[in-house]
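*Asks:* Before I ask anything, here is the structure I am working with.
Any read-out appearing in this document is the output of simple, stated calculations on the displayed coordinates, not a laboratory observation. From a predicted model like this one, the values you see are computed outputs, not experimental measurements. With ideal geometry, Cβ positions are generated from the backbone for all residues, glycine too; neighbour counts draw on all protein chains shown.
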Amino acid sequence: MTKKFTFLRLLLFAINTFAQNTYVFFGSYNDNEVKEGIYVYQLDTVSGRLSKVTSVKVGNPSYLTLSPNEQFLYACTNTKTANEGSVSAYKFDPKKRKLNFINKQDSGGENPVYVTVDASGKWLVNANYTEASVSVHSLNEDGSIGRMTQNIKYTDSSIIPIRQAAAHIHAAVFAPDYKYIFFPDLGADKIRAYAFNVANSQPLENISNPFIVTIPGSGPRHLTFHPNGKFAYCIEEMGGAVSAYNYLNGTLDRVQRVYTHPETLPKGSESSDVQISPDGKFLYAANRGNENNIAIFSIAENGTLKLVGYQSAYGHHPRTLAIDPSGKFLITTNVNSSNVIVFRRDAESGLLTKTGKAIKIDHVSCVKIQRY
């Protein structure tokens, strides 16, 4: 009996320890460099409860990414700030529960909205929305951002003058093998593509098919790849749809386009983010505007999508989604209502159930989850 009790106690201790090593990082539009901007919370992966760990003051850290070695956090900073734009580096210590500023560099264009790091941890790539450019910075061993080695600007446009009078790069997404990188261009209705050569001082290299044309007026925004590496999915901000692509060696071949909302819905919907469950069975698409919900799709073996249902975001203007590594929870950031919602995810049906208590973060814009 004593051995059984000891075993159960050790098991509960292990479960509790495991539940407390998942951290959630939030960015925001705080409009003020002397106010909190980046927040770190701990996710209890049993209850779904979020507990604040720390925060740092920085201006408009709208989008975040974590380095492959999990030590460093990079942020688009000074977003939506006239004639400015930067990328900033931080070091996170999960044992001390501290997030420390390292340095920052010019982003190479106004209004940086997306940042990512290559698999080697040697290169940082960011997308600048307003001035329509992509920039590449070297990264140092201490996590600091080095000099900018590439800055490529675009001047294309498309059919909706009020939104597409100029190019607008909205994301920078590596293919699963990290040999290629893609840049959805909302203003030009293109997904731009480059080879990525980590050994070169200018790693972005032109390829024979430099872009994929999307539906005119659709406004491609974010892109994600299926865990099997065979499929990619791009969500349209203005078209309110997700396009499914077969992927192979830097090429995207569209096989399906499906709306993220009922086709009868009045105009005014804006889709924002797209995420896939770790098991590759379900896709989640965030809708803003008239809906403020999450569309849920099942993914067939051939990569095509089938609508499962909709889940209220319990807030206004859901901008980003994230699924924890276990696949148990999905978190959404609602910018205009300044709240964060944690959903428990049913692995069989893909459906979501609100869990825990919503937390308040002023104009929260981005969420990233990392287990240590």
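*Asks:* Evaluated at 37 °C with a viscosity of 0.692 mPa s, what Stokes-Einstein diffusion coefficient in µm²/s does the chain have when Rh comes from the Kirkwood expression over alpha-carbon pairs? Could you put the intermediate results ahead of the total?
*Replies:* Details: Rh = 20.8 Å.
Once the numbers are plugged in, D ends up at 158 µm²/s.
*Asks:* I'd like to compare 93-105, 330-342: which one has the highest average count of other Cβ atoms within 10 Å, and what's the full order after that?
*Replies:* Values: 93-105: 14.2, 330-342: 23.1.
Output ranking for 93-105, 330-342: 330-342, 93-105.
*Asks:* Further question: Under the classification rounded if a/c is under 1.5, otherwise prolate if a/b is larger than b/c and oblate if not, where does segment 236-372 fall, given a ≥ b ≥ c as square roots of the Cα gyration tensor eigenvalues?
*Replies:* On the way: a/c = 1.69, a/b = 1.24, b/c = 1.37.
Oblate, because a/c is 1.5 or more while a/b does not exceed b/c.
*Asks:* For segment 107-371, what is the relative contact order in percent, using Cα pairs closer than 8 Å and at least 6 residues apart in sequence? Let's see the in-between values first.
*Replies:* Working: 745 pairs, mean separation 23.5, N = 265.
Once divided by the residue count of segment 107-371, the mean separation gives 9 percent.
*Asks:* Just to verify a number: FRET efficiency for N290 and S201, C-beta to C-beta distance, R0 = 45 Å, to 0.05? Walk me through the intermediate numbers first.
*Replies:* Working: r = 47 Å, r/R0 = 1.05.
So the FRET efficiency works out to roughly 0.45.
*Asks:* Select from P278, P161, P325 the residue whose mean-square fluctuation is largest in a Gaussian network model of the chain (Cα-Cα springs shorter than 10 Å).
*Replies:* In the Gaussian network model the winner is P161.
*Asks:* Tell me, what is the FRET efficiency for I160 and S298 to the nearest 0.05, using R0 = 45 angstrom and their Cβ-Cβ distance as r?
*Replies:* Details: r = 32 Å, r/R0 = 0.70.
Result of the calculation: an efficiency of 0.90.
*Asks:* Need the full-extension length gain, N228 to V255, defined as separation in residues times 0.36 nm minus the C-alpha distance. One decimal, nm.
*Replies:* Details: separation 27, 0.36 × 27 = 9.72 nm, distance 1.66 nm.
Contour length minus the Cα-Cα distance gives 8.1 nm.
*Asks:* Let me ask something additional. Given points 7 Å out from each Cα along the Cα-Cβ axis, report the K96 to A119 separation in nanometres with one decimal.
*Replies:* 3.2 nm
*Asks:* Note down the relative contact order for segment 78-167 as a percent, whole number, built from C-alpha pairs under 8 angstrom at least six residues apart.
*Replies:* Numbers: 203 pairs, mean separation 18.9, N = 90.
So the answer I get is 21 percent.
*Asks:* Right, next: What ranking do 64-73, 279-288 get when scored by the average of other Cβ atoms within 10 Å per residue, highest first?
*Replies:* Details: 64-73: 18.1, 279-288: 22.6.
Top of the packing list down: 279-288, 64-73.
*Asks:* Sequence gap of 8 or more, or different chains, plus Cα separation below 16 Å: how many lysine pairs satisfy both in segment 107-371?
*Replies:* Working: K122/K179; K153/K190; K179/K230; K230/K281; K281/K306; K281/K328; K328/K354; K328/K368.
Taking the Cα cut-off of 16 Å, the pair count is 8.
*Asks:* Taking 0.36 nm per residue of separation and subtracting the Cα-Cα distance, what length does fully extending S208 through N140 add?
*Replies:* Values: separation 68, 0.36 × 68 = 24.48 nm, distance 3.15 nm.
Computed gain between S208 and N140 is 21.3 nm.
*Asks:* Jot down the per residue volume, in cubic angstrom and as a whole number, of the convex hull over the alpha-carbon atoms of segment 209-309.
*Replies:* Measuring per residue, one finds 90 Å³ for the Cα hull of segment 209-309.
*Asks:* What residues have an amide H closer than 5 Å to that of R192, excluding those fewer than 5 places away on the same chain, when H is modeled at 1.01 Å from N in the peptide plane?
*Replies:* Under 5 Å from the amide H of R192 lie the amide H atoms of F183, D185, I212, each far enough along the sequence or on another chain.
*Asks:* Going highest first, how would you order 296-304, 188-196, 205-213 by mean Cβ packing within 10 Å?
*Replies:* On the way: 296-304: 16.8, 188-196: 22.1, 205-213: 12.8.
Output ranking for 296-304, 188-196, 205-213: 188-196, 296-304, 205-213.
*Asks:* Once you put a point 7 Å from the Cα of N246 and another 7 Å from the Cα of S47, both along the Cβ direction, what distance in nm separates them?
*Replies:* Going from the N246 label point to the S47 one covers 4.9 nm.
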